[in-house]
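Asker: First the structure, then my questions, so here it is.
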Amino acid sequence: MFDSGVGGLSVLADIRALLPHEHFLYVADSGYAPYGDKPPTYIAGRSVAITLFLIAQGAKAIVVACNTATSAAVGTLRGQFTVPIVAMEPAVKPAVATSKSGVIGVLATTRTLASENLAQLKERFGAEADILLQACPGLVERVEASDLQGDATRKLLEGFVKPLLQRGADTLVLGCTHYPFLIPLLQDIAGPDVTIIDPGPAVARELRRRLEMRQLLSDSSTPGRTRYWTSADPDHLKQVVQNFYADDIEVETLPAA
């Protein structure tokens, strides 16, 4: 699995819960984060380099645990590699089915909102609901800094969410894997009547389905292990993982590519 930083840890948690006997390799490309303001060719290059590294480490499948990398690179990855590649997609379809007001808000990075994938989703479901797109610059950086409840993060999130609520949104789609770590704060801002949709569990189910199709599921009965790499400070990622999971882990430095 890889992400531009720590956001993919939210997806990893869902996958580990569903597939507890698999071993996982996680790369946080925090030294190059955020991806959201980078050109698509740059993101694709990073994605290919990291995928090559993970396959060299023995990966039997790749999870692109980053919406921005999905929009910029998943086609390239699937064209270049034969292992199953599972990617993110903003959960617009279930949001439309869930909403009672017919108004949903999509919170994502600027790059994800500009993607062809999201344009197709909006065209496909736009007749059924008013789909409001909200770019959230700066939010990834707050999560990378482990500031999930601070005043600065609250103020930033309120500025993104309140206009959506004022326009009648009763369902919010998290279009970035960093954002699930902000669900408690987001729910506090939005109120109990607003539904927040995290795509992580659906990604976990899709990974299991793809592994089953290729008969790649582990037959072990012992808990799997997780290894971590980062292109930034290993101590930072270690602290973040321990904060989120209470795991005692070691983090390795991602080789330059």
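Asker: Would you mind calculating the gained length between residue 247 and residue 216 on full extension (0.36 nm times residue separation, minus the Cα-Cα distance), in nm to one decimal? It would help to have the intermediate numbers written out before the result.
Answerer: Working: separation 31, 0.36 × 31 = 11.16 nm, distance 2.64 nm.
Here the segment from residue 247 to residue 216 would lengthen by 8.5 nm.
Asker: Give the residue from 20, 59, 32 lying farthest towards the positive end of the charge dipole for the chain; charges sit on Cβ (+1 for Lys and Arg, -1 for Asp and Glu) and the dipole is referred to the Cα centre.
Answerer: Checked the options; the winner is 59.
Asker: What is the helix-to-structure angle for 200-213, meaning the angle in degrees between its Cα long axis and the longest Cα principal axis of the chain, kept from 0 to 90 and rounded to the nearest 10?
Answerer: 40
Asker: In addition: Assuming a ≥ b ≥ c are the square roots of the Cα gyration tensor eigenvalues, decide whether segment 92-198 counts as rounded (a/c under 1.5), prolate (otherwise, with a/b larger than b/c) or oblate.
Answerer: Details: a/c = 2.11, a/b = 1.40, b/c = 1.51.
Oblate, because a/c is 1.5 or more while a/b does not exceed b/c.
Asker: Something else now. With only Lys, Arg, Asp and Glu charged, each at its Cβ (+1 for the first two, -1 for the last two), find how big the charge dipole of the chain is about the Cα centre; round to the nearest 20 debye.
Answerer: Values: 23 positive and 28 negative charges, 139 e Å.
That gives a dipole near 660 debye.
Asker: Further, regarding this structure: What is the order of 3, 130, 193, fewest Cβ neighbours within 10 Å to most? Don't jump to the answer; show the numbers that get you there.
Answerer: Numbers: 3 31, 130 15, 193 9.
Going from sparsest to densest Cβ surroundings: 193, 130, 3.
Asker: Related question: Size of the dipole of segment 159-257 about the Cα centre, Lys and Arg at +1 and Asp and Glu at -1 on the beta carbon, nothing else charged, in debye to 20?
Answerer: Numbers: 10 positive and 13 negative charges, 88 e Å.
So the magnitude is around 420 debye.
Asker: Moving on. For log10 I(q)/I(0) by the Debye sum over Cα atoms at q = 0.11, 0.13, 0.15 Å⁻¹, several values are listed as [x] -0.70, -0.89, -1.08; [y] -0.76, -0.97, -1.15; [z] -0.57, -0.80, -1.07; flag the one computed from this structure.
Answerer: Computing log10 I(q)/I(0) by the Debye sum over Cα atoms at q = 0.11, 0.13, 0.15 Å⁻¹ and matching it to [x] -0.70, -0.89, -1.08; [y] -0.76, -0.97, -1.15; [z] -0.57, -0.80, -1.07 gives [z].
Asker: Using only the alpha-carbon atoms, how far is helix 67-80 inclined from the longest principal axis of the chain? Give it as 0 to 90 degrees, nearest 10.
Answerer: 40
Asker: Follow-up. Working from Cα positions, state the angle (0 to 90°, nearest 10) between the long axis of helix 40-56 and the longest principal axis of the chain.
Answerer: So the helix axis and the longest Cα principal axis differ by about 40 degrees.
Asker: Turning to a different aspect of this structure: Compute the separation of the alpha-carbon centres of segment 212-243 and segment 158-181 and state it in Å as a whole number.
Answerer: Comparing the Cα centres of segment 212-243 and segment 158-181, I get a distance of 29 Å.
A short reminder: the numbers here are calculations on the coordinates, not readings from a lab. Keep in mind that what you see is a predicted model, and the values were worked out from it rather than measured. Glycine also receives a Cβ, built like all others from the backbone with ideal geometry; neighbour counts cover every protein chain displayed.
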